[in-house]
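Step one of this worksheet: look at the structure below.
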Amino acid sequence: MKSWDEGGVRVRIRELAARDPERARFGADTHRYELAPALPEAEVRTFEEAHGIDLPMEYRSFVAQVGNGPAGPGHGLMPLTVARKEAVEEWAVDDEWAEDRLPGRLAAPFPLTQPLPGRIGAPADELTQGTLMLADEGCGIYVRLVLNGPRTGEVWRIDPDWGGFVPASPGFHTWYTEWLQYP
């Protein structure tokens, strides 16, 4: 597993913010290049136990060592344990976040073994069991982390209307680091 350099990540986020003072980069007006403190180990463990899962290590170590969102791809990383402070704005992403926390949902088997490109005929909530929503890309498109099965640790993008449910990155570290490396 690749490790995280908390200081390096925070420096890079400050550099990105300095290059984008008007927050013109997609999603920057939402996450504002702000990174919340890391979660205490006990809080991460409590979340895992409550949901009957083990978070993939690349993501787990990020929230426990670096930060619990929001600076990140799309409109930013969703927090793991507490709804985003802006949740009063009634975004669809908040409903998606809350649905992930329903009993048994995260521990359910991830139903796909292969990508599902194109328009999705099945209800999206049936396909996203066993995954954790990481980020909102707008227009009902979400980035999700696979939590169990042969695809554990992969990052997938679901776009029910056009793009289907397909892998976006081999893992959280690669996905997040690609965002950090933006020019």
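Things worth noting here:
- Value of [θ]222 nm, deg cm²/dmol, for the chain, DSSP H segments ≥ 4, -39500 (n - 2.57) each, nearest 500: -9000 deg cm²/dmol
- Applying 1/(1 + (r/R0)^6) with r as the Cβ-Cβ distance of residue 180 and residue 126 and R0 = 35 angstrom yields a FRET efficiency of 0.60.
- Shown here for segment 17-89: GluC sites (Glu not before Pro) in loop regions (DSSP other than H, G, I, E, B) with at most 16 other Cβ atoms within 10 Å, namely 22, 34, 86.
- Summed over the residues of segment 78-183 and divided among them, the accessible surface reaches 48 Å² per residue at a probe radius of 1.4 Å.
- Amide H to amide H distances under 5 Å link residue 134 with 143, 144, 145, where only residues 5 or more positions off or on other chains count and H is placed in the peptide plane.
- Projecting the Cα positions of 111, 158, 124 onto the charge dipole of segment 107-163 (unit charges on Cβ atoms of Lys, Arg, Asp and Glu, taken about the Cα centre) puts 111 furthest along the positive direction.
- Relative to the current alpha-carbon distance between residue 29 and residue 6, full extension at 0.36 nm per residue lengthens the span by 6.0 nm.
- Amide H contacts under 5 Å for residue 169: 155, restricted to partners 5 or more places along the chain or on a different chain, H placed in the peptide plane at 1.01 Å from N.
- Options 39, 51, 4, ranked by Cα towards positive dipole end of segment 1-51, top entry (Cβ charges): 4
- Karplus-derived HN-Hα couplings along segment 164-175 (A = 6.51, B = -1.76, C = 1.60, θ = phi - 60°), whole Hz, x at Gly and Pro: x, 10, 9, x, 10, 6, x, x, 4, 4, 4, 4
- Histogram of C-alpha separations across the chain, 5 Å bin width, %: 1, 8, 17, 22, 22, 17, 9, 4, 1
- Rounded FRET efficiency, nearest 0.05, which uses the C-beta distance separating residue 57 from residue 113 and R0 of 35 Å: 0.95
- Charge dipole magnitude, Cβ of K and R +1, D and E -1 - segment 116-183, Cα centre, debye nearest 20: 160 debye
- Sulfur and carbon atoms: percent of accessible area, the chain [1.4 Å]: 55 percent
- Over all other residues within a Cβ to Cβ distance under 12 Å of residue 37, the charged ones net out to -2, with Lys and Arg as +1 and Asp and Glu as -1.
- Each Lys and Arg Cβ is given +1 and each Asp and Glu Cβ -1; about its Cα centre, segment 39-170 then shows a dipole of about 360 debye.
- Amide H contacts under 5 Å for residue 35, placed H, 5+ residues apart: 71
- Calculated Rg and Dmax of segment 75-183 using C-alpha coordinates, Å: 13.4, 41
- Modelled label positions at residue 22 and residue 82, each set 7 Å beyond Cα in the direction of Cβ, lie 3.5 nm from each other.
The values are calculated or read from the model by the stated rules, or taken from the named source; none is laboratory data. In this text, all values refer to a predicted model and were calculated from it rather than measured experimentally. FYI the Cβ positions are ideal-geometry reconstructions off the backbone, even for glycines, and counts take in every protein chain you see. When the accessible area is computed, the model is the full protein with side chains, heavy atoms only, and any ligands, DNA or RNA have been set aside. Shrake-Rupley method; radii C 1.70, N 1.55, O 1.52, S 1.80 Å.
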